[in-house]
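The values are calculated or read from the model by the stated rules, or taken from the named source; none is laboratory data. None of these values were measured; they are calculated from a predicted model. Cβ sites come from the backbone with ideal geometry, for glycine too, and all protein chains shown count toward neighbours.
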Amino acid sequence: MEINKVTATRALMIAVLVLLTSLTTISFADDDSANGVKLDQALTVKIWDSGTSGSGFNPPPVNVSRAPQAATINVSYNPATCDNQGNLSPWPAEAQTAFTFALNIWGSLIESDVPIEVHACWEDFNDARLLGYARATGSYRDFTGAPQAGTWYPNALANALAGTDLDPTSADIITALNADDINWYFGIDGNPGFSQHDFVTVVLHEVGHGIGFAGSAQVGTLPGQTQTIGRWGFGSGFPIIYDTFVVDGSGNSVLNESIYPNSSPQLAALFQSNNLFFAGPNVQAANGNASARLYAPSPWEGGSSFSHFDLATFSGTINSLMTPSLSNGVANHSPGPVGAALLEDLGWVSPGDDPVTETPTATATATETAIPTETQTAVPTETSTLVPTETQSATAEPTSESTPVSTATATAMATATANPSETTTPQPTGTGTPVPTNTPAHTSTPDLPTSQDSLIFLPYISR
């Protein structure tokens, strides 16, 4: 999630690592006619320090202390599911308070009758550029209530659509935050110092990926081969719901195999073309009747490419939360109207979109499992609701000054609810193709490029 200006030396290093991407198998849970098929794999998506400083605050679109929680989001700190148990430290109480505040923002913006379970890891990354990462713990397809057949839905969204927890034994989201290399600001008022990173902003960003703002695109090599290919669907032959809305600049779906065969050099080139757009109808309505440009730099950046809004397009706007990096001194506590609309295209319902018969009142709760010294701090009551007169980019380019953004308050999610199964017309014109069908419901494909992040340990050459 580094910025898209790199030196030739760093670009060469990235290209070499992409070619050396390791491969693994994918695994499926048992097929069940009611619960569908579970895919025990998801891409890890990350947010980086942009290397710049700025100022500005984009406040939550709701008064968090007063807004009802339309989804209960629970958190467990440092559980056994954390990736690197040996690198964990006890969670600071102020970090837990800020984490809970961020979860309560999301809980007021999306609806689910099924609690969302988050596992949060306080980890030493040994990399001062990396702020955090997250992933859904898996995805489901063809479950009862799935809007679109033959399509993966990340755990939390699948549960919300099914109206039941499809796997009560599993968390829905795993996220990790940098424990010792970052000068964090843990306040909830959106006022980090010039040299601080706003913790609430980073948690909002990462949980946004966990609830669905992530595709399945990968670039890498197959076993015994040297040719770089691109693929979607984790090697399963089925796209994740995010993928179904992604098109090129001419409006051709990335799933259109007559143009972009899956597991092909053509698809690898497209994923690195800076020519990808999210063409969901809600996104287009919120984005001035235009599709939203996605981050698709060349060379491929594992953990960043495809699964973020484009940095150059959305930097310095109220829709910058889901861009791939964050500047010091900037706080963004809202997904923005375009980010919120993208979640509706995926299938999330926002409060007010339909009659609410019962509103969950519980807020985020916490349990400490691996390091037992922490306790959950109560949710703070104070919030910032005033709109600042000037807000600057959460992801400004390191070679330029931060750009002021509109003084308008970020709005809540768009009210039109998308039907994920309907055909969309992207901007510019063009049509996508249907998702793959008539594929066995329980399969296993061993040749999967993982490329979850081949860039994390690169020396940062260019700022």
Quick one: which of Ile211, Ile188 is β-branched (Val, Ile, Thr), closer than 30 Å to Pro299 by Cβ, buried (at least 23 other Cβ atoms within 10 Å of the Cβ) and in contact with a helix residue (DSSP H, G or I) (Cβ under 7 Å, 6 or more places away or on another chain)?
Ile211
From the list Leu109, Leu131, which one is part of a loop (DSSP other than H, G, I, E, B), at pLDDT 95 or above and under 18 Å from the mean Cα position of the chain (by Cα)?
Leu109
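Which of the residues that make up segment 42-89 are among the hydroxyl-bearing types (Ser, Thr, Tyr) and modelled with pLDDT under 90?
Of everything in segment 42-89, those that are among the hydroxyl-bearing types (Ser, Thr, Tyr) and modelled with pLDDT under 90 turn out to be Thr44, Ser50, Thr52, Ser53, Ser55, Ser65.
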Just name the residue that is farthest from the chain's Cα centre (by Cα) out of those in segment 146-158 that are among the aliphatic types (A, V, I, L, M) and closer than 20 Å to Asp113 by Cβ.
Ala146
Determine if segment 138-145 includes at least one residue that is within 22 Å of Met322 (Cβ to Cβ) and under 18 Å from the mean Cα position of the chain (by Cα).
yes
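The rows are residues; the columns are (1) among the small types (Gly, Ala, Ser); (2) over 30 Å from Ala102 (Cα atoms); (3) touching a residue at least 12 places away in the same chain (Cβ under 8 Å).
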residue	(1), (2), (3)
Leu204	no, no, yes
Gly215	yes, no, yes
Gly220	yes, yes, yes
Thr244	no, no, yes
Val247	no, yes, yes
Of Gly230, Gly187, the only residue that is at pLDDT 95 or above, part of a strand (DSSP E or B) and out of contact with any His (no Cβ under 8 Å at 6 or more places or on another chain) is Gly230
